[in-house]
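Remarks on the structure that follows.
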Amino acid sequence: MNQTSPSATEIQALFDRIAPVYDRLNDCLSLGQHRIWKRMAVKWSGAKIGDRALDICCGSGDLALILAKTVGKTGQVTGLDFACQQLDIARQRQRRYCPRLSMTWLQGDALDLPFADNHFDCATMGYGLRNVMDIPLCLQELRRVLKPGAKAAILDFHRPRQSYLQALQNWYLANIVVPTARDLGMVEEYAYITPSLARFPQGTEQVQLSLAAGFTSAVHYPLLGGMMGILVLST
Ligand SMILES: C[S@@+](CC[C@H](N)C(=O)[O-])C[C@H]1O[C@@H](n2cnc3c(N)ncnc32)[C@H](O)[C@@H]1O
């Protein structure tokens, strides 16, 4: 794989390949913290009982499953991803953890969402925006499918401002993430995080892109000293 700028097909194949170890690695590499950040994202998406909710780039379903518990039996959650191996795991997890909740798993493209305009009450995206080929288009698609007054929360890596935190983040990625992935035979697959983060717009740029995509408000909240962030958007 070309690590500097992989194609959409390469990204899709990558996430299919890492599907069997993805959840275990996330828990291990974030010391379980990603579960807290995902709960925060769902809370900040404004999801409530009875909502029709969307999780874009749902992967193995973490955020979609939290959304489903939040919107309850009267709500509806759609998880969308283009990697079918990830969706298979998401389906298995739903059968096991929340079989009675209404969930739909769809193979689809975040850049061409297969939904009508003004369809969802709220949306989330976790670690997806950094991976799409066209961030402005992805934000426009998200805006299009949200109802007026709806909110979305987008969780992803972020580059901290302070140089010592940047050094810590680089060290962590090079010395913890990549070697851990190597032990699982996935070194190439996880080495892509550093170049993808280098290309990813900073919080202030994400806000500008979101406003240009038609959101009425956009706020980026840095987490973990700015190593992560949640972008909260309103229509
Ligand atoms: C890092 S994973 C995140 C999975 C999950 N949201 C989480 O937080 O654990 C990124 C996901 O985005 C998906 N993805 C990337 N680009 C996509 C696109 N254009 N359309 C749909 N899914 C995409 C990948 O297949 C992958 O499952």
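Working only within segment 24-64, note down all residues that are in contact with a His (Cβ under 9 Å, 6 or more places away or on another chain) and open to solvent by 70 Å² or more (accessible area, probe 1.4 Å).
Across segment 24-64, the qualifying residue is only 52.
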Return yes or no: is residue 29 within 14 Å of the ligand (Cβ to nearest atom), modelled with pLDDT under 95 and either more than 24 Å from residue 182 (Cβ to Cβ) or not basic (Lys, Arg) (or both)?
yes
From 127, 97, residue being in contact with a strand residue (DSSP E or B) (Cβ under 8 Å, 6 or more places away or on another chain), aromatic (Phe, Trp, Tyr) and touching a residue at least 12 places away in the same chain (Cβ under 8 Å):
127
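Matching residues to (1) crowded, with 20+ Cβ neighbours inside 10 Å; (2) modelled with pLDDT of 95 or more:
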site	(1), (2)
124	yes, yes
145	yes, yes
150	yes, yes
169	yes, no
173	no, no
179	no, no
194	no, no
198	no, no
Picked from segment 103-121 (must be within 9 Å of the ligand (Cβ to nearest atom) and of a type in the set (Gly, Ala, Ser)), the residue nearest to the chain's Cα centre (by Cα) is 110
Of (1) in contact with an Asp or Glu (Cβ under 8 Å, 6 or more places away or on another chain); (2) buried (at least 20 other Cβ atoms within 10 Å of the Cβ); (3) at negative phi, residue 89 satisfies every one except (2)
Would segment 202-215 turn up any residue that is within 28 Å of residue 18 (Cα to Cα), among the hydrophobic types (A, V, I, L, M, F, W, C), out of contact with any Phe, Trp or Tyr (no Cβ under 7 Å at 6 or more places or on another chain) and at pLDDT 95 or above?
no
Kindly check whether there is at least one residue in segment 65-78 that is at pLDDT 95 or above, within 9 Å of the ligand (Cβ to nearest atom) and open to solvent by less than 30 Å² (accessible area, probe 1.4 Å).
no
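The values are calculated or read from the model by the stated rules, or taken from the named source; none is laboratory data. Values in this document were obtained by computation on a predicted structure and should not be read as measured data. Note that we place each Cβ from the backbone using ideal geometry, even for glycine, and neighbour counts take in every protein chain shown. To get the accessible areas, we keep the full protein, side chains included, count just its heavy atoms, and leave off ligands, DNA and RNA. Shrake-Rupley method; radii C 1.70, N 1.55, O 1.52, S 1.80 Å.
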